[in-house]
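Here is the structure we will look at, set down as C-alpha cells.
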Amino acid sequence: MLFLGSERQRNCQGMSRRAFLQIGGSTALGLTLADLLALKANQGTNQTGPARSVIFLWLWGGPSQLDTWDPKPNAAMEFRGPFASISSRIPGVRIGELFPQIADWTDRLAIIRSLHTASNDHGVAGTAGLTGSTQGSVNLGGATATGNVRPCLGAIVARAKGFRSQMPPFMVVGGRLHQGKRAIAGEGGGTLGALYDPFRLVYEADHGTRVPALQLPANLSPDRLRNRQQLLNALDLARRSLDTGTQRTIDDYRDQAIALLTSPEATRMFDLSQERPELADRYGRTRFGQSCLLARRLVEHGVPFVQVNWSDHVEAEEDAGDGGWDNHYRNFQLMQDRQAPWLDQTLPALLSDLQDRGLLRSTLVVAIGEFGRTPRINDKAGRDHWEHCYSALVIGGGVRGGQVIGESDARAERPRIRPVTPADLGASVMHAVGITTEQAATLGINSGGQVIQELF
C-alpha cells in the first residue's frame, strides 16, 4: 500500500510505477472518490451558517458522565467514585479533576449534560449517535433494526455542502468502528448512497498517514498489473462490479482523483512531519492526538466535515494503545493512566491551534460518545453501559460558550431538565453549518431532531 506523507515514491514523473498501480487497483478510489469529484459539476446548496467546517470527535466506547463533565460530588462513594471535581470557568460548574486543561476552556464551550439515547448496545447506540436514528443498526447479537440506515452527520454535511475545495467533503481519520469483530452501521452515506461514504485516513505511529483506499485488493499484485492496459482492464472490471445507481462518465474524474491524491500538495497535507515538532508534541504523540492534528490540517484546507475516531474498537485494550472507553473493568485506573490525560492534552491543543489560526469561530468541534456509564460502580471497579444519561462538549462554530445545557438528577442517572437526543444534536450541527429545515427536506437529509437553540 501507499503511505502518503511517510514513504517516498519517486521516478522521473514524480510517482513510482508501483504507487500508480496501487492507486489504480483500488475499487474504492476507482469509483467512489472519482464520483465525489464529479459532484463539482453539481454543487450542494449554499449554506450561510457560522460554521464552515465540523470536527466530530467520536469517543467510541462511551465515557462516564460522572467522571468527566457531570461529576456528583455529593453522591455516595459507590456512585461518585474516587475522583474529585474541580471548578471550571463557568461560575458554580465543576468537572472531573482529571481534566484541568479542559477546565480552562469551559468559558468558551458548552457542556450538554442531559443527553439520552435508545439503547445500551454499542452498535445500536453508535448508529444513533452518528445518524440520529437507530434505523438499520446492528446489535452485538447480529439482529438488525428495521428500516434503511440513515446517513451519518458527515454524509449529510457533504450532501449539503458539495465541493468547496479539491478535497472530498467528508473525511474520517481512523479505521472502521467495530463492536467485537463486527463493524457498526451508520458511519457512511446510508440512504444517500455510497457516494457519500467518507474518504478515510488512518494515522499510524510507524508509518504516518495511511490511505486505505489506495491499498491493492487482495487478488491483485503489482506483478499482475504489468502495463497500463492491464491496469485499465482492472479498473473497468472494478467499475462493472459495483452498482452505483446512476449512469455517469467518470473516467476523467478518476484520473483527477489519482492526480489529486498523489500530488505534492496532497502529500504535504497528509504529512504531519510538515508541522513543528513542538506543536505535534502539544497535541500528544498518541494516535488520537496526531489524528486531531491531521483533522486541523484538513479543515484548514477546506474539508467541511472531519470525524476523528478515538479508536476502532470499543474495548479498553490495555496494551493495544487503541482501546476505547468501554471501561467495564478498572474504569478509574484506565481513565487516570491513559484516557483522561490523552483527551485533556489533545482537545485544548486542537482548540488553541484552531484559535491561533483564526479557524475556531468557523469550525464547530463536538466531543461525544455513544452513551454514558452506569452511575453505580460495579464489582470490577468499572462502570457498565448506560443509555439514560450522558454528556458532550461543543465549542466553536457559533456556539455560545460558558454554559451548561440540561441537568441530570442527583446521581446522573436520568436527565432532570432539558433532555436531548442524538437527533437533536445532529439537527444542531446541521443548523450550525447553515442547513435549513427546508433545505434538509428538499435534499432528504433531515435528522429527525430539534435544534438545541441554547447552543447558539
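Rule-based calculations on the coordinates, nothing more; no lab input. Keep in mind that what you see is a predicted model, and the values were worked out from it rather than measured. For neighbour counting, all protein chains shown are included, and Cβ atoms are generated from backbone atoms with ideal geometry for every residue, glycine included.
Observations, loosely collected:
- Each of VAL157, VAL366 was scored by other Cβ atoms within 10 Å of its Cβ. Arranged with the fewest first, they read VAL366, VAL157.
- Computed over the alpha carbons of the stretch 352-445, Rg followed by Dmax gives 16.6, 51 Å.
- Order of CYS152, CYS389 - criterion: other Cβ atoms within 10 Å of each residue's Cβ, fewest first: CYS389, CYS152
- Cβ-based exposure ranking for LYS380, LYS72, LYS161, LYS181, in which fewest neighbours within 10 Å come first: LYS181, LYS380, LYS72, LYS161
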